[in-house]
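Visitor: Structure below; questions to follow.
The values are calculated or read from the model by the stated rules, or taken from the named source; none is laboratory data. Note that the structure is predicted; figures quoted are calculated from it, not measured. Virtual Cβ from ideal backbone geometry, glycine too; neighbours counted across all protein chains shown. All accessible areas refer to the heavy atoms of the entire protein, side chains included, with ligands and DNA or RNA removed. Shrake-Rupley method; radii C 1.70, N 1.55, O 1.52, S 1.80 Å.
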Number of protein chains: 4
Amino acid sequence: MHTRFQHAIGAFHLMMRAIETLRLKGHSITPEECEAACIAILLHDIGHGPFSHALESTIIQNTSHEEISLLMMRRLNTAMNGRLQTAIEVFTGSYHKRFLHQLVAGQLDVDRLDYLKRDSFFTGVSEGVIGTERIISMLDVRDDELVVEAKGIYSIENFLVSRRIMYWQVYLHKTSLSAEYLLMQTLLHARKLAMAGQEVFATPALAWFLGKNTKALDFEAHPEALDNFAQLDDFDIFTAIKVWSNHPDRLLRIMAGKLSKRKLLRIQFLARKPKKQDLQPLVRKVQETFSLNQTEAQELVVSAKISNHTYDPRQGTIKIMNKSGAVIELDQASKEFSTRALARSHTKHFLLYPKEIGRFEAW
Amino acid sequence: MHTRFQHAIGAFHLMMRAIETLRLKGHSITPEECEAACIAILLHDIGHGPFSHALESTIIQNTSHEEISLLMMRRLNTAMNGRLQTAIEVFTGSYHKRFLHQLVAGQLDVDRLDYLKRDSFFTGVSEGVIGTERIISMLDVRDDELVVEAKGIYSIENFLVSRRIMYWQVYLHKTSLSAEYLLMQTLLHARKLAMAGQEVFATPALAWFLGKNTKALDFEAHPEALDNFAQLDDFDIFTAIKVWSNHPDRLLRIMAGKLSKRKLLRIQFLARKPKKQDLQPLVRKVQETFSLNQTEAQELVVSAKISNHTYDPRQGTIKIMNKSGAVIELDQASKEFSTRALARSHTKHFLLYPKEIGRFEAW
Amino acid sequence: MHTRFQHAIGAFHLMMRAIETLRLKGHSITPEECEAACIAILLHDIGHGPFSHALESTIIQNTSHEEISLLMMRRLNTAMNGRLQTAIEVFTGSYHKRFLHQLVAGQLDVDRLDYLKRDSFFTGVSEGVIGTERIISMLDVRDDELVVEAKGIYSIENFLVSRRIMYWQVYLHKTSLSAEYLLMQTLLHARKLAMAGQEVFATPALAWFLGKNTKALDFEAHPEALDNFAQLDDFDIFTAIKVWSNHPDRLLRIMAGKLSKRKLLRIQFLARKPKKQDLQPLVRKVQETFSLNQTEAQELVVSAKISNHTYDPRQGTIKIMNKSGAVIELDQASKEFSTRALARSHTKHFLLYPKEIGRFEAW
Amino acid sequence: MHTRFQHAIGAFHLMMRAIETLRLKGHSITPEECEAACIAILLHDIGHGPFSHALESTIIQNTSHEEISLLMMRRLNTAMNGRLQTAIEVFTGSYHKRFLHQLVAGQLDVDRLDYLKRDSFFTGVSEGVIGTERIISMLDVRDDELVVEAKGIYSIENFLVSRRIMYWQVYLHKTSLSAEYLLMQTLLHARKLAMAGQEVFATPALAWFLGKNTKALDFEAHPEALDNFAQLDDFDIFTAIKVWSNHPDRLLRIMAGKLSKRKLLRIQFLARKPKKQDLQPLVRKVQETFSLNQTEAQELVVSAKISNHTYDPRQGTIKIMNKSGAVIELDQASKEFSTRALARSHTKHFLLYPKEIGRFEAW
């Protein structure tokens, strides 16, 4: 299955396999450490709200899902009298056996090994399939760091190429980006109305966030923030959107209506970031077409960018161990493959606007 | 299924899909050309004998399977009053629409697109899976040559990486190499006995080849060579091997016995080509262990090498066409990927000898 | 995929296949009739609300989903100037070519052929898999009625046995029944509160139904009933349940809390229908355990029954046509199989109550 | 995979699962008994020759494959100093824990549970799929006999219906029967020639059998019979057939030629067994068409019959255990299903003859 819950179970399963492999290769991992690593991976995504990234930059704004995961683990830890202490250390990277943290969050963590395989299977992008089992069986530890046996190098190269394919063809797919941005604009507009005192349908948990200035929202200072956040799921958002498509506010009605009928905004990639005056004609057409004022129309014309590193050495490198036990960087180990190219960052600018207003003529 | 027949059907299916795609993009392909391309791909491997490469260098020696395929097509052409004329031109590359030949034999031919996908599926090497459908849908023609649309570039990179994985992990797998070399040595020894007048069990077709000095064998001058070759299949070889495992000749008995009981030779990769004197101790041990004379023992100690280009620009390059219609080389189109590394040739030396005699100490 | 939308698409696909088969066997089906049959099957389930049967007996009460489907088709028909007229006739069975209706709703309709295969695949009940393609290829028409060719008889027998397995192992699975009944009790209690004037969180569409005496609700007299019904989906119900788990009313809080935490009621099959006094001790224990009054406690102790015909000849029989063209009933055609047994109705009584109060001692 | 070897491994796997299930339900099975049952199932089919049934009634004639399996087990037992003693007892049914034998050969043995699932998967007959895992999990033992828990009854009914489907649609498929009979006729004719002193190409092992009057062949008296039988596999037969298609004997050439080119005999089912004079016109036509004498022509006109019990209570019944532990016959347990019909034997007569001579007009 292809749900967040199944992903957690899948990553947990891979963690067990990885620990088993490392133990067979002679590395000591105590039962407590094994439990800690498994808890850390089971909970690593628990801080994700509904539509994770969309919500992270609208309903809440100064807190990442990793921080929220950590806050939830701490609550659980208190409730369970410290039973999660080691898991938290493994999760944050403060535990002394560093490779355990690398299995949770690193270049070859079991999180990626699970989601790349799961997502490529369920989206039908067969090129994205990776050799999860083989990669895990090639893992080893040297100087407290995860390394990969030299004969697994083809699988690692395939993993990096597949990951890049998944980014550009799935995670940053045009339709996906377009839906995400329209959702963000809708939530931001609903919050604006709520802050201005207008009635906006919402479940109690969603209402709590819509009525707050979330830039100033501090999860640590306000324990009820976490309670309300934990109540939120996709249903709260979907239901609200559906109801909002009949809201008296014209712009909210348009946005929510487009979302619930899957009439997404057009997305157009641009050679460079557009200047404000470039967009003026678009905004004017939106004003006319939808009978909106200028401020409202600007909420339907969105300029943004995405960028992606497939293999960013600043976030840690992949290390290869040859038969003699020597450890070298992937870059040097791979004779027929260049990871340097994968390390370069690529940024793409794009523009979103209603399909009704005709095509934007880019330069 | 995973048979040579199914591969022919699969490649034929992909040819139909490729032609359909090109026609939809406005390229004219007449019904006759379509038939010719389909016949060419259906028959492209018909010259393969049983255990193709093993047989090509033992039972016959100066004729490649492509040449035999061509000889068979010519016979069929004669029998069918010239109906295969265009197919033969497409197969040999003499037809004026060059891209048709590239679909049969080129960097992105439907032969590879079928066998890579089929083999990766049936061997369970999930990293070898390629996006066959997607690649085909991205094909186009410019200046009479196959090109790939720019948005298919990730699939092409994945195709090259996957192909390399399949070479090293499947086609040139140690066990596979070991079996192939033992089979070749066995057939060579059986032929030596047959040439010396000894009785060696064989079907009439196999006997025809065992009794000939195949170095001098000319398929064009001897029409019955092709008749006999067409009679040969895996059964002729398997059956003979089984019977030979009880042959009076000690060495043939050992070789055939090892083959039928899957007791293959040990295969050991070496840093460089071994010199003749390096192997003397091995040969002596084989002599003692198996009670053979020196000449015989040398047939059980084999030194050989393999090499592989994943992407050899001398065999034609992959061309990418961007949105504006301009065509550039893959190397220049791919920002995050280096095909130069893939183009380098890699040669590996290895040594084969019976497991009974202990490990060869390499330098 | 395993959604209601995919089921509609799947049944539509099978309808196309069935029509193609019948045409190949010489039966005339005009393009208009084909369109009508396809529309009828695409829309056959459109009247299902969220959690169909649960909602049908709580939120609305005197209207089946088939009637609502028909009301929706009529609205669409009006909006489309009569384009759906023939589709409606095929759906209701008033069209003169009766076999078209049998393909939409009959012993071997494409609805069943799709959902049995889909559900058995996705629930992993491999015994429930049926030979959909084979059954369709065996369909024919005699005297305006669907018949099955004699050589398809084993597939029909397998279809009936598989269908029975799916009923008892999936559709009427204990956990499924338990969840459905708890949902019904929760909705009934929420409606009771709403009718009594208490504030009960709901989307506008759900609120419309919760505030009505639905026994008297007449969809034909109140056009807005259909508008509101069409707005309802699973999200309205799920979201409300989640919010209700914090409702001031103790019983609603308990019910909704159990549902959202999947703490279902215990389900226990009984040899006969229990009498009211049999249940008094249970009700008392529920009162004590949950601090409820007697009326409330009775809502947590539910007695009900299910029954199932696998093959009810009163709903039409399956007819077999032998090679000579003669048509006989399945019962007579099948030498090694008795459909009479499948035609008998089986009724099972069961009881639901909270797991906290210990096991009910049945007789 | 779909080979005899994989079937043995599959049945062995199911045996392990069945033993595990029975142990969990409290039945004592010692490690020695477990080993014995596993050996018995691994070797249960070892006596099958190539094309099992075809060979059993031609090359050898008075020995079943079960007897040959037993002979081989005894040889292995001698070679292994009695290690297979218990396995042989379990295989023959003389071991005191009778249910172990029932797992190897009985109405619900793991042999059937494996081959029905494997064959239905690989032939694409989806109706033949059975719930192997579920059936095994429902197994129990009462009074030393295998029983099935009552809640598994639907799976058992499905198993019986599926088995019948597989018999009529796969194992006794017309094309399969036709190929098998042509193979038998070919082998019988080749043996006739060999017995008459003609040279007939064959491997040494096949030659041993072709030259014997196998009616009188006694495996126990002639130990070399078993040695030669063990050497035979599909390759011996296929290779000989291919060579025979160029044999000087006209009839052998016709038969072997038809086999190797898959030009099978026509198969026609008849309402009753044909009389000898019914076939005279066919035989005459064959004589003329193929220039054969009468004796030869009769070998190409074959009359035969097949019959099948799906559930033959004389071979043991399936017993159902209800919740209270009482054991009843399947027939009585199954309220909606009649096994009596499945118990009736069905016999079908059929006729085989070359397609070249036109259709036989049956009565």
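Visitor: Calculate the tail of P(r) for region A:34-106: the fraction of all Cα-Cα distances greater than 18 Å, expressed in %. Kindly include the intermediate steps, with their values, before the conclusion.
Guide: Numbers: 1028 of 2628 pairs.
Tail of P(r) above 18 Å: 39 percent of Cα pairs.
Visitor: Measuring with a 1.4 Å probe in the full set of protein chains, what accessible area per residue, in whole Å², belongs to chain B?
Guide: Working: 16330 Å² over 363 residues.
Heavy-atom SASA per residue in chain B reads 45 Å².
Visitor: Compute the signed sum of charges (Lys and Arg +1, Asp and Glu -1) over the other residues within less than 11 Å, Cβ to Cβ, of C:Ala87. Working shown, then result.
Guide: Details: positive: C:Arg74, C:Arg83; negative: C:Glu32, C:Glu33, C:Glu35, C:Glu89.
Net charge around C:Ala87: -2.
Visitor: Separate question: When the helices in chain A are scored as -39500 (n - 2.57) per DSSP H run of 4 or longer and the sum is shared across all residues, what 222 nm value do you end up with, to the nearest 500 deg cm²/dmol? Walk me through the numbers before you get to the answer.
Guide: Details: 18 runs with 193 residues, N = 363.
Using -39500 (n - 2.57) per qualifying helix, the result is -16000 deg cm²/dmol.
Visitor: Kindly provide the pair-distance distribution of region D:21-65 built from C-alpha pairs, with 10 Å bins from 0 and whole-percent values in order of increasing distance.
Guide: Each 10 Å bin holds this share of Cα pairs: 24, 31, 20, 19, 6.
Visitor: Could you tell me what a quarter of the Cα convex hull surface of region C:78-229 works out to, in nm² with one decimal place?
Guide: Numbers: hull surface 52.1 nm².
Approximately 13.0 nm², given one-decimal rounding.
Visitor: Shortest first and in nm to one decimal, what separations exist between B:Arg74 and its copies in the other chains, measuring from label points 7 Å along the Cα-to-beta-carbon line?
Guide: The projected label point of B:Arg74 is separated from its counterparts by 6.2, 7.9, 8.3 nm.
Visitor: Can I ask one more? How large is the Kirkwood hydrodynamic radius of chain B, counting all unique pairs of alpha carbons, in Å?
Guide: 22.8 Å
Visitor: Sticking with this one: Quick check on region A:172-242: what are the equivalent-ellipsoid semi-axes from the Cα gyration tensor, as sqrt(5λ), descending, whole Å? Let's see the in-between values first.
Guide: Values: eigenvalues 93, 45, 33 Å².
They are 22, 15, 13 Å, listed largest first.
Visitor: Which aspartates and glutamates have a Cα less than 18 Å from the Cα of C:Lys273, not counting those fewer than 8 places away in the same chain?
Guide: By straight Cα distance, C:Lys273 reaches C:Glu299, C:Glu361.
Visitor: Would you mind counting up the charge near D:Gly358? Only other residues with Cβ under 14 Å from its Cβ, with Lys and Arg at +1 and Asp and Glu at -1.
Guide: Working: positive: D:Arg266, D:Arg284, D:Lys285, D:Lys355, D:Arg359; negative: D:Glu288, D:Glu356, D:Glu361.
Charge balance in the 14 Å sphere: +2.
Visitor: Take the Cα pairs of region D:76-148, get the Kirkwood Rh, then feed it into Stokes-Einstein at 20 °C and 1.002 mPa s and tell me D in µm²/s. Working shown, then result.
Guide: Working: Rh = 13.9 Å.
In µm²/s, the coefficient is 154.
Visitor: At A:Arg142, with labels set 7 Å past Cα in the Cβ direction, how many nm apart are the copies from this one, shortest first?
Guide: Reported distances to equivalent positions: 4.4, 6.4, 7.8 nm.
Visitor: In whole Å, what three semi-axes, largest first, describe the equivalent ellipsoid of region C:206-346 built from its Cα gyration tensor (square root of 5 times each eigenvalue)? Display every interim value, and only then the final one.
Guide: Details: eigenvalues 380, 139, 42 Å².
Over the Cα atoms of region C:206-346, the ellipsoid semi-axes are 44, 26, 15 Å.
Visitor: If we hang a label 7 Å off Cα along the beta carbon direction at C:Gly93, how far is it from the matching labels on the other copies, in nm, shortest first?
Guide: 5.3, 6.9, 7.0
Visitor: Continuing with the same structure: Past the 20 angstrom mark, what percentage of all C-alpha to C-alpha distances in region D:140-278 do you count? The partial results should precede the final answer.
Guide: On the way: 6168 of 9591 pairs.
The share of Cα pairs beyond 20 Å in region D:140-278 comes to 64 percent.
Visitor: Once you average over the residues of D:230-240, how many Cβ atoms of partner chains fall within 10 Å of each Cβ? Spell out each step's value before the answer.
Guide: Details: counts 0, 4, 1, 3, 3, 9, 5, 2, 6, 12, 3.
Mean inter-chain Cβ contacts per residue within 10 Å come to 4.
Visitor: Can you give me the three principal axis dimensions of region C:282-325 from its C-alpha atoms, in Å, biggest first?
Guide: 72, 14, 10
Visitor: For D:Asp119 and D:Leu270, what does the FRET efficiency come to when R0 = 30 Å and r is the distance between their Cβ atoms, rounded to the nearest 0.05?
Guide: Details: r = 27 Å, r/R0 = 0.91.
With a Förster radius of 30 Å, E is 0.65.
Visitor: Taking the Cα atoms only, what angle lies between the long axis of helix A:174-195 and the longest principal axis of chain A, rounded to 10 degrees?
Guide: Between the helix axis and the principal axis of chain A, the angle is about 60 degrees.
Visitor: Related question: Kindly flag which residue pairs out of D:Lys285/D:Lys355; A:Lys212/A:Lys242; A:Lys192/A:Lys212; D:Lys212/D:Lys242; C:Lys258/C:Lys355; A:Lys25/B:Lys263 have an alpha-carbon separation exceeding 18 Å in this structure. Mind showing how you got there, number by number?
Guide: Details: D:Lys285/D:Lys355 11 Å; A:Lys212/A:Lys242 22 Å; A:Lys192/A:Lys212 10 Å; D:Lys212/D:Lys242 22 Å; C:Lys258/C:Lys355 11 Å; A:Lys25/B:Lys263 29 Å.
Too far apart for the 18 Å limit: A:Lys212/A:Lys242; D:Lys212/D:Lys242; A:Lys25/B:Lys263.
Visitor: Helix B:4-24 sits at what angle to the longest principal axis of chain B, using alpha carbons and giving 0 to 90 degrees rounded to 10?
Guide: 20 degrees
Visitor: Over the alpha carbons of the protein assembly as shown, what is the largest minus smallest coordinate on each principal axis, giving the biggest first in Å?
Guide: 105, 74, 67
Visitor: So, one more: Of all the accessible heavy-atom surface of region B:93-247, with the other protein chains kept in place and a 1.4 Å probe, what percent is carbon and sulfur?
Guide: Numbers: 2970 of 5730 Å².
Answer for region B:93-247 is 52 percent, counting heavy atoms of protein chains only.
Visitor: Oh, and also: Below 8 Å between Cα atoms, with a sequence gap of 6+, how large is the relative contact order for chain C in percent? Provide the component values of the computation, followed by the final result.
Guide: Working: 485 pairs, mean separation 60.4, N = 363.
Computed value for chain C: 17 percent relative contact order.
Visitor: Something else about it: Hey, can you list the residues from region D:116-156 whose accessible area shrinks by 30 Å² or more with all protein chains present, relative to the chain by itself (probe 1.4 Å, no ligands or nucleic acids)?
Guide: Buried on complex formation: D:Ser126, D:Glu127, D:Val129, D:Arg134, D:Tyr154.
Visitor: Can you tell me the relative contact order of region D:16-68? Whole percent, Cα pairs under 8 Å, sequence separation 6 or more.
Guide: Computed over region D:16-68, the figure is 29 percent.
Visitor: By how many degrees, 0 to 90 and rounded to 10, does the Cα axis of helix D:250-260 deviate from the longest principal axis of chain D?
Guide: Approximately 40 degrees, to the nearest ten.
Visitor: Hey, what's the per residue convex hull volume over the C-alpha atoms of region D:43-165, in cubic angstrom?
Guide: Here the figure is 132 Å³ per residue.
Visitor: Output the relative contact order of region C:1-123, whole-number percent, from Cα pairs under 8 angstrom with separation of 6+ residues.
Guide: Numbers: 119 pairs, mean separation 37.3, N = 123.
Answer for region C:1-123 is 30 percent.
Visitor: Considering the options C:Met1, C:Ile19, C:Thr86, tell which one lies farthest towards the positive end of the dipole of chain C, charges being +1 on Lys and Arg and -1 on Asp and Glu at the Cβ, about the Cα centre.
Guide: Value computed over the given set: C:Met1.
Visitor: Moving on. For A:Phe201, what charge total do you get from the other residues with a beta carbon under 11 Å from its beta carbon, if Lys and Arg give +1 and Asp and Glu give -1?
Guide: On the way: positive: A:Lys242; negative: A:Glu199, A:Asp236.
Combined, the nearby Lys, Arg, Asp and Glu give -1.
Visitor: For the A and C pair, go ahead and give the buried accessible area with a 1.4 Å probe, both sides summed, in Å² to 100. All intermediate terms of the calculation are to be shown ahead of the outcome.
Guide: Working: alone 18070 and 18050 Å², together 35030 Å².
Roughly 1100 Å².
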